[in-house]
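What follows is a short report on a single structure.
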């Protein structure tokens, strides 16, 4: 099994012949048999290293890769093992816990129906805070990073104590899962956690900054039901995506809610009975009344031990034993590595020793691609239709990710929204391209035509350019993700609502940046949700 897996991964990383290289192998010389047993041992280590080298190419820092290839000594091989162990810990924290703890086999499209309670949170006030403080001054960037991480870490800790798993960051929003349990307490645990999270927001009610006082608030929506979790894509780029009406209803509950309160869907409220006092909203949603004591709020806390990956140990530092340990470590790292965009993975590999990607304030081009027509095919009672939908989406995701990557961009994440699924794509983050708008425009045209080839599926694409805040966000040495936040991201998402099916809408700033080579047509002005005034928009129709 290991040999078959190794061959497949050799093909994946671009080595068409992963068989051992001809002797003497890396790090050896032509000293001949007189070099003795040490030279023979080095040659053997070099031959084994050559066999697994394709698996190491994208997972080792450049200097460590070169040093080890040239001299596969015990010290260098041990450094490789320690690095891979660190990478496993880093990747474990970047991925939803259910996936990190039990990842599907590399390259396998996996899906399953799950039951439980979902919570969706959205942060109010952050856009204003970032616009006022996210300047070129390193101290301002550090302030934004510190406040965001403190907010995310606080919330992750609270719902984690109640058994909540963070499934995804979407900008400054979070989607959290409380898995169904034998006693049916998942809904109660989610509500108690939500109330505690709202109480904790008092810490963020008045944040003093050089630009003035900022205040954050939070909306929380809760719903309970069944949802489809799928692992889609290729071994090189995968994603864990949720589908189904339960996800959309959860996000609708957040949208219907009030800052500072926990909102329930009508179905979630109906399941509660008299456990909580509720206030009814005109549309049928309910707000939970927080009249509980601290002891009552703590009642459903599980206080679970934070799960950590098992740590491989080295008992024998001989080259042969270390190479076996390295192969075992690769078996742990490889299934997780594909869940990160390759651009993010490469930076994480080079900065693994510091355990943090440097914070970046980037002038980026951001694109949202909304696909409609796939989730509507879901029939929970027809497994064949579910499997067909997931495979179609997996193919679409894989081709879109490849189209973006080949033009120097990053497909950051897929999220299920009220209508269809959104792909967040960015250009100009973690790279130094000076022509990101043109690269993004080319990618948008390719993705529009690619999606049109899928029967029954349409897309709406929105693209804009502006400043974004890019960094790892979440708990220190805990659940965290590389995230992209800012008003530019919000505008790109809003532009998809202004697009007709099968069209690409771009902002005025992006249209001005494209220059010759693209056909852009004015489409008047539109009011975008959350933006004062109207914005002039354009349609990108093709190349000239």
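The values are calculated or read from the model by the stated rules, or taken from the named source; none is laboratory data. As the structure is a prediction and not an experimental result, all values here were calculated from the model. Note that we place each Cβ from the backbone using ideal geometry, even for glycine, and neighbour counts take in every protein chain shown.
Couple of notes before you dig in:
- Candidates 441, 470 - the one that is part of a helix (DSSP H, G or I), surrounded by 22 or more Cβ atoms within 10 Å (Cβ to Cβ) and in contact with a strand residue (DSSP E or B) (Cβ under 8 Å, 6 or more places away or on another chain): 441
- Matching residues in segment 121-140 - criterion: being at pLDDT 75 or above, buried (at least 19 other Cβ atoms within 10 Å of the Cβ) and within 13 Å of residue 210 (Cα to Cα): 129, 130, 133
- Taken as a whole, the structure places residue 272 among residues that are surrounded by 16 or more Cβ atoms within 10 Å (Cβ to Cβ), at pLDDT below 90 and either over 26 Å from residue 96 (Cα atoms) or not assigned by TED's automatic domain parsing to the domain that holds residue 178 (or both).
- Within the option set 477, 424, being part of a loop (DSSP other than H, G, I, E, B), in contact (Cβ under 8 Å) with a residue 60 or more places away in the chain and touching a helix residue (DSSP H, G or I) at 6+ places or on another chain (Cβ under 8 Å) holds for one residue only, 477.
- Flag if residue 191 is within 30 Å of residue 109 (Cα to Cα), part of a helix (DSSP H, G or I), in contact with a strand residue (DSSP E or B) (Cβ under 9 Å, 6 or more places away or on another chain) and touching a residue at least 24 places away in the same chain (Cβ under 8 Å): no
- Only one entry of 367, 313 meets the criterion of being surrounded by 15 or more Cβ atoms within 10 Å (Cβ to Cβ) and touching a helix residue (DSSP H, G or I) at 6+ places or on another chain (Cβ under 9 Å), and that entry is 367.
- Of the residues making up segment 50-100, those that are within 25 Å of the chain's Cα centre (by Cα), at pLDDT below 95 and more than 15 Å from residue 329 (Cα to Cα) number 7.
- Complete set of residues in segment 444-455 that are within 15 Å of residue 370 (Cβ to Cβ) and part of a loop (DSSP other than H, G, I, E, B): 454
- Residue list for segment 452-467, restricted to those being surrounded by fewer than 24 Cβ atoms within 10 Å (Cβ to Cβ) and within 29 Å of residue 248 (Cβ to Cβ): 452, 453, 454, 455, 456, 457, 458, 466
- The single residue among 524, 542, 533, 517 that is within 30 Å of residue 125 (Cβ to Cβ) and either surrounded by 16 or more Cβ atoms within 10 Å (Cβ to Cβ) or touching a strand residue (DSSP E or B) at 6+ places or on another chain (Cβ under 9 Å) (or both) turns out to be 533.
- When residues of segment 342-364 are limited to those that are under 30 Å from residue 502 (Cα atoms) and not assigned by TED's automatic domain parsing to the domain that holds residue 436, the one surrounded by the fewest Cβ atoms within 10 Å (Cβ to Cβ): 342
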